[in-house]
Every structure is written in structure tokens, then in C-alpha cells.
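Asks: Take a look at the following structure, please.
The values are calculated or read from the model by the stated rules, or taken from the named source; none is laboratory data. Nothing here was measured: the structure is a model prediction, and the numbers come from that model. Methodologically, a virtual Cβ is constructed for each residue, glycine included, from the backbone with ideal geometry; neighbour enumeration extends over all protein chains shown.
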Amino acid sequence: MSGRAERAAGGRGRRGRRRPVRPAWTGPLGLYSPRATWLHAVPPGWKFGAVAVVSIAMTFVREPVVALGALVVSLALLACARVPLRGTLRALGPFVVLAAGIGLFQWWTRGWAAAVVTASTLTALVVLATVVTATTRTDRMLDALVRGARPLRRVGLDPEVLALAVALMLRTIPALVELVGEVRDAARARGLEREPRALLVPFALRTVARAHATGDALAARGILD
Amino acid sequence: MIELDAASVCVEGPSGEVTILSPTTLTLTERRVSIIGANGSGKSTLARLVNGLALPTTGYVRVDGLDSHDDGAAVRRRVGFVFSDADSQIVMPTPLEDVALSLRRLGLRGRERTDRARAILARYSLDHLADVSVHALSGGQKQLLALAGVLATEPSILVCDEPTTLLDLRWRTTITALLAALDQQVVHVTHDLDAALLADRVLVVDEGSVVFDGEARTAVAHYRALMGTPA
């Protein structure tokens, strides 16, 4: 039983029922939500292009109204994608807190306008990226990436390998977050939660072992042949 | 047909070369072959030789006449491989996409690939989980998905390296029954002696050598004696 599970179970009876244990936070990546919305029907290449253009354009934004407008539009798109509300809020929560923290720092150093622009822009871009991953199967993303990366063949880069690297990143980041939770629970079980080596060493070793295992699995499936 | 011709595997160790698998000569034609042995005995290395994941330091490994060293990609197309830890084998965020990834190798495009992947998931009763995050699957469901992903490309041989080690009794029974029903030749590395007894031929590996090769019941008895455990 994990540390969180133990704490949750330990309170039953004496303090009444506690909130059920939640699965580990794995972020908004790989949050594909199968729905039949117009956003799901938009070709992945267009979505990538739109996010790229908006991301570049947002770096030039200095007006709080424009940044807030972008945030409202991105949230409207998220609503159009009809993603599961609770899971999405939980996935985006830490990013919103981070953006708010950066915004506070901006307010302290450069004033409220810069704070609003920075926090709104960051949040809008993360929400837009979430809209893309929530409405596009990774498989379709791979197809779009392979098509988009074809010119890179001229410099010796295989588009299939590039696309696979992106897919692996989407899968690996949540997996590493899970791994952090497992390592932390193992350290807690030994009473070593305040010992950085008890967290970092097993995390590093298991990450490398996992990378090796994934490489073996890809080779065994002949995906890179 | 799998042929090992004086195939050995050595690795560089801190104090010189270490032999993981001594020169081994075998021809495997039986439909069900099990490999049993203690941890670290070299049975996984033997299994990896068949798929080309490990290349022989000396000798040759041939699958249907194809050399694993010279025709590695062709050998991997013929030989599917299932690992004990399905987590490292599943690459994509959802079951549907993971099976579709396997199908990319067949050159299928977009909709056709998705439809085929859905049909494969249905064949293994995983269709209701097609769009669920793989993080949400149980260990048994993940192993079944890993198996479906490998079988999607219809290999003629399947090598399974302890596929049921991390599973509970129900899933172990399910996966063992599924492997038993396959048309493919199956090479099954296992600690499950009940599963090994179902094989047509069993290899017992100890300290990097095949120390027994023969009929299942005799092989399991030999292994038990080797481990010092009563029958």
C-alpha cells in the first residue's frame, strides 16, 4: 500500500471517511479525450501550425487585454473540446499555480501589466497545447510529424524516428511522474523521505533501466527497422 | 525453424570477459518450447538470441534460414518478443495507438490502421479500453495489450520472456491459455513449471549452459533436482 493509501485508510473509523486516494498526477500530456467535436476533426498539421503561430505571436504581446483575450479564447477552445472537466483541471492545476507564481514575480519587478501578460500568456499556451493533445490521437500526431519532417531527410534525419521520439516523450513524462511517486513511497516506507539520496539515486537508476527496457522493446517490435 | 549453431554470448566485465551463454547448438522446430532455469542462468539471453535482441559473440543464430546478425530486421519481422514488464513495452498513451504503432511497420495508413488496431483489440477483448490511458490499465491488461501489440504484425514465432511473472493467478491463467492457443511457434521463458509442462520440448538452463533438453515432465523433474526442491 502506498504512503498516501496508508494515510487515507488510517483515518477511517476514528475521523470518518476521507477522500479516496487519487492516482498520481501525470500532467496534461497524453490526455486524449475521444469525442466527436469539430476540434477533433481538424487535421493535426493545422493544429500544430496554429499553436506554433500563436506561440510566436504571443511573444510580441505587451497589452494585458490581448493576453487576457488569448486566455479566454484558449479556454473557450478547451470547452469546445469537451474534455473531462475534473481530470483536465487537475492536470492543468500545477501549471496555473506556476504561471501565477511567475506573474507575482513580474508584478513585483515590472508591474501589474507585465504580470497579467506573462501569467495569461503562459496559461493560454499550456491550455492550447492541452487542446491539441486532448483532441488529437498520438497516432495522428505521428503521421503529421512524419509528413512535416520529410524535408529533414536531406540532412540525414529520419522523420519516423523524429516522430517516434515525440511520441516517446508524450508517454515518458507521465511515466516518470509515476516513477517519482513510487520512489517517494519506497523512501517513506523506509523512513527516508528527508534523505535526498534515497529519492535521487533510485529514480536515476530506474529511469536509466526504463530507458534501456524501452529501447529493447522498440528494437524487439522492429519499430526502428 | 530456429537454429543455434555454437552460439555463445559474452560480455565485458570489470575483470575481463564473462560468458553469459556457453556455445549452444540447437534446432527448435516444435510448436511449444519452454525454457526454464534459475534467475541469472542465461535463459533470457538464449531467448533474446532468437529475436536478434542479443547477437551471438561466436557462432550463428538463424530463423527460417535468416541470420540474426546479417538480417536482423527480417528476423525481427518473423519473431515477436514479449517482455515480463509490459510497462516498458507499451510505447503509446492509449491501447489503440499502441497497437496502431505496431501496424505502422506494415505500411498501413490512417483510417485503415486505426480500424485494424480496433479489430485486434476486440480479438483480445480489449476494445472497451481502446481509448483509456495505459496508466489506468491493470498489470494483466497491460500484458495482454503488449501481447496484442506484438501479435498485430502476425509474426511466425513468438518469444515470451517471463510474461506472467508479474501477474496474479487469474491473469497468469489467461495469458498462459492465450499462448497455448496461438498458431505461432512459441518459445516461452518461464518460472511457472505448470506452464512449462504444457510444452512439447523444454530446455533447462543453468549457469549459462543448456543442461537438459527434452520432454517436459522429465525436464521439470531435472530442474527440480537441480534446484534441490522436492517434486
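Asks: Considering only segment B:122-132, state which residues are more than 10 Å from chain A (Cβ to nearest Cβ) and without any contact (Cβ under 8 Å) to a residue 40 or more places away in the chain.
Replies: Scanning segment B:122-132 gives B:Ala122, B:Arg123, B:Ser125, B:Leu126, B:Asp127, B:His128, B:Leu129.
Asks: Follow-up. Which of the following residues is touching a helix residue (DSSP H, G or I) at 6+ places or on another chain (Cβ under 9 Å), under 22 Å from B:Ile35 (Cα atoms) and in contact (Cβ under 8 Å) with a residue 40 or more places away in the chain: B:Leu158, B:Leu103?
Replies: B:Leu158
Asks: May I pose another question? Taking helices (runs of 4 or more DSSP H) that fall entirely within segment A:1-79, which contain at least 3 residues that are more than 14 Å from every other protein chain (Cβ to nearest Cβ) and at pLDDT below 60?
Replies: So the answer is A:3-10.
Asks: Within segment A:84-102, work out how many residues are surrounded by 14 or more Cβ atoms within 10 Å (Cβ to Cβ) and of a type outside the set (A, V, I, L, M).
Replies: Number of matching residues: 4.
Asks: Give the residues of segment B:69-82 that are under 18 Å from B:Val9 (Cβ atoms) and under 16 Å from the mean Cα position of the chain (by Cα), sorted by residue number.
Replies: Listed by number, the residues that qualify are B:Val75, B:Arg76, B:Val79, B:Phe81.
Asks: How many residues are crowded, with 24+ Cβ neighbours inside 10 Å, within 11 Å of chain A (Cβ to nearest Cβ) and in a loop (DSSP other than H, G, I, E, B) when one looks only at segment B:133-168?
Replies: 1
Asks: Take segment B:107-132 and flag every residue that is aliphatic (A, V, I, L, M) and either under 22 Å from B:Leu167 (Cβ atoms) or part of a helix (DSSP H, G or I) (or both).
Replies: B:Ala117, B:Ala119, B:Ile120, B:Leu121, B:Ala122, B:Leu126, B:Leu129, B:Ala130, B:Val132, listed by residue number.
Asks: Sticking with this one: For segment A:149-187, give me each residue that is more than 10 Å from chain B (Cβ to nearest Cβ) and among the charged types (D, E, K, R).
Replies: A:Arg150, A:Arg153, A:Arg154, A:Asp158, A:Glu182, A:Arg184, A:Asp185, listed by residue number.
Asks: Let me spell it out: the conditions are (1) modelled with pLDDT under 90; (2) closer than 26 Å to A:Val177 by Cβ, and B:Ser138 meets all of them except one. Which number is the exception?
Replies: Condition not satisfied by B:Ser138: (1).
Asks: I've got another one for you. Pairs only if they're at least six apart or on different chains, beta carbon under 6 angstrom, first in segment B:65-80 and at the interface with chain A (Cβ under 10 Å from one of its Cβ atoms), second part of a helix (DSSP H, G or I); list them, first residue then second.
Replies: Short answer, once both residue conditions are applied: B:Val79/B:Val50; B:Val79/B:Asn51; B:Gly80/B:Val150.
Asks: Still on this structure: Return the residues of segment A:100-141 that are of a type in the set (Gly, Ala, Ser) and free of Cβ contacts under 8 Å to residues at least 60 places away in the same chain; say none if nothing qualifies.
Replies: A:Ala100, A:Gly101, A:Gly103, A:Gly111, A:Ala113, A:Ala114, A:Ala115, A:Ala119, A:Ser120
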